[in-house]
Amino acid sequence: MPHTVSVKESLNHPPRGLPLAGVLGLTISVLVALLLGGLTALQLQRDERRELRVREGLLAESLAPLAEQVEEATSISEIDQRLSSQRLAEISLGRQDYNVVLRDAGGHVLASADSSGLASPPEDSLQASMTVRPKALATVTGTLIVWQETSKLSSEMELRRREALFDIGITVMAVIFFVQLAIYFLVSRPLNRLLTAIDKFEQGYPAGFRKGSVTRELSWLEWRLHRMSVGLTNSARLLVAAHRKATETSKARDSEVLDPLLFDPLTINHAAPAAGNNILLRYLHDRCALLEGCRSDDPTAREIAVEVWQRDVSEADRLGEMALRARLENSALKILDQDAFDRVSRELDSLVTARSDWCVATGEAIASALAADKIPLVEIQHRAKHAAGAWRKMQEKHLAIEEVHDLLAFRIIVPRTDDCYLALETIHRLFEPEPFRFKDYIASPKANGYQSIHTSVRDRDEFVFELQIRSVEMHRAAEEGNAAHWRYRAGKSRFSRHERR
């Protein structure tokens, strides 16, 4: 029974939220208001403390000449008169709440500038004091106390706070306006264009993304979404075309007898390696043995490992020595990044152990399905990716190991090209295909001539793996001819010659 497609989770709409422009504008406005409000409050506190100190200093200064007059006075009434004169003088200067008294050592009021007899300054008033020895008191020491109420000053300060708050409000509103304007042109409008294009793409119209975003990230996002749109559209077209070819081939299928040699592809045209290749093979084996016996902290070994990673692995590919290539790549990675090699090896060993019975069962299921559809099968191969190969792919494509879909892969070899498309149709009935992971290199061969069908599928347990479908001729070309993927690999390397860990 074919695998049932289930995409319910992808059809659920995301929860509604605030518009991005509103969130950004509100966040920036709150931050600006808090910043301006905090700085303004601190500055007002500094100004108020400074002004209080200045006024206290002025009060203290006013006591100096008054103290001389009090000490020269010969009677209490004369002291009262001079205190009153001082108060009137201060009132004439605008200090309506100015007052001064003379107390003895016991705290009793001896003289006061206020006829009402106010003897003690309020707790919240500004005040200053000075010790005096009036002639009128003989040897008794007195204390002049002057104070000024802060009610008027408090009113002035409250007015300043209101003005500052008004200024902050005006500034925040101006910031909100200009921030919203900038967000609209730099973020909201480009994002709305993207959403419109994506909406069109979801309705079946290939998205034509508009270019011209100012910000680098949005320009990059537009390009990536455009490339994804084109890639998914092309993959879907190729997939449909492949199944159409399978249908046409099935209808026009003749009953010709196949060449028996087609059913043994691994022994066809395997020429003995040339003398130069023999020398190269010995060289590669020696390099591999050397690296496998080296320590990761050996600087010379690191130099060799970089060369092996960049060059020698590709040479082993070119010669079709896949086992040697895996050994070379693994030994180089052990030197260059032992921790990465150990981590990936553990995860791969765990996967292979857990999936050993699955591999056998899946291979048998594929063979049975092909036989039921009367599709001739030459061979089914399966392999687990070696640790360094998995790590290289993870680095090149920025993947976690669970996202590498070809950790376990099957290769289906059939006699002819038409059989490839018939086998593909069978595989896609047996497993759920991943459309974005479909590549038809038969219809569109790679630049080096490589031909094969690559498809990733998902089994009933949601495990994704890769299948390659190729004819005998394609397999022979891929393993021995110009289509060997060493040319593709040769230009890619994670490590530079001069890199150090």
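Just wondering, is there one or more residues in the stretch 156-168 that are in contact (Cβ under 8 Å) with a residue 40 or more places away in the chain and closer than 21 Å to residue 62 by Cβ? No, the stretch 156-168 has no match at all.
Taking the listed residues 367, 388, the one that is more than 22 Å from residue 238 (Cβ to Cβ), surrounded by fewer than 16 Cβ atoms within 10 Å (Cβ to Cβ), in contact (Cβ under 8 Å) with a residue 12 or more places away in the chain and not hydroxyl-bearing (Ser, Thr, Tyr) is 367, with no other qualifying.
Yes or no, residue by residue, for (1) surrounded by 11 or more Cβ atoms within 10 Å (Cβ to Cβ); (2) closer than 30 Å to residue 155 by Cβ; (3) modelled with pLDDT of 80 or more:
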{"site": "60", "(1), (2), (3)": "yes, yes, yes"}
{"site": "73", "(1), (2), (3)": "yes, no, yes"}
{"site": "82", "(1), (2), (3)": "yes, no, yes"}
{"site": "95", "(1), (2), (3)": "yes, yes, no"}
{"site": "101", "(1), (2), (3)": "yes, yes, yes"}
{"site": "123", "(1), (2), (3)": "no, yes, no"}
{"site": "128", "(1), (2), (3)": "yes, yes, yes"}
{"site": "131", "(1), (2), (3)": "no, no, yes"}
{"site": "141", "(1), (2), (3)": "yes, no, yes"}
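Within 60 Å of the chain's Cα centre (by Cα) and either part of a loop (DSSP other than H, G, I, E, B) or at negative phi (or both), is that true of residue 94? Criteria not met by residue 94. Taken over the stretch 439-455, residues that are over 12 Å from residue 474 (Cα atoms) and either within 37 Å of the chain's Cα centre (by Cα) or basic (Lys, Arg) (or both) amount to 8. Scanning the stretch 109-116 turns up at least one residue that is touching an Asp or Glu at 6+ places or on another chain (Cβ under 8 Å), surrounded by 15 or more Cβ atoms within 10 Å (Cβ to Cβ) and among the hydroxyl-bearing types (Ser, Thr, Tyr).
Inspect all residues belonging to the stretch 398-405 and state whether any of them is out of contact with any helix residue (DSSP H, G or I) (no Cβ under 9 Å at 6 or more places or on another chain), at pLDDT below 85 and in the same structural domain as residue 381 (by TED's automatic domain parsing). Among the residues of the stretch 398-405, at least one is out of contact with any helix residue (DSSP H, G or I) (no Cβ under 9 Å at 6 or more places or on another chain), at pLDDT below 85 and in the same structural domain as residue 381 (by TED's automatic domain parsing), which makes the answer yes. Scanning the stretch 138-155 for residues that are assigned to a helix (DSSP H, G or I) and in contact (Cβ under 8 Å) with a residue 40 or more places away in the chain turns up 151, 152, 153.
The values are calculated or read from the model by the stated rules, or taken from the named source; none is laboratory data. Bear in mind the structure is a predicted one, so any value in this text is a computation, not a measurement. With ideal geometry, Cβ positions are generated from the backbone for all residues, glycine too; neighbour counts draw on all protein chains shown.
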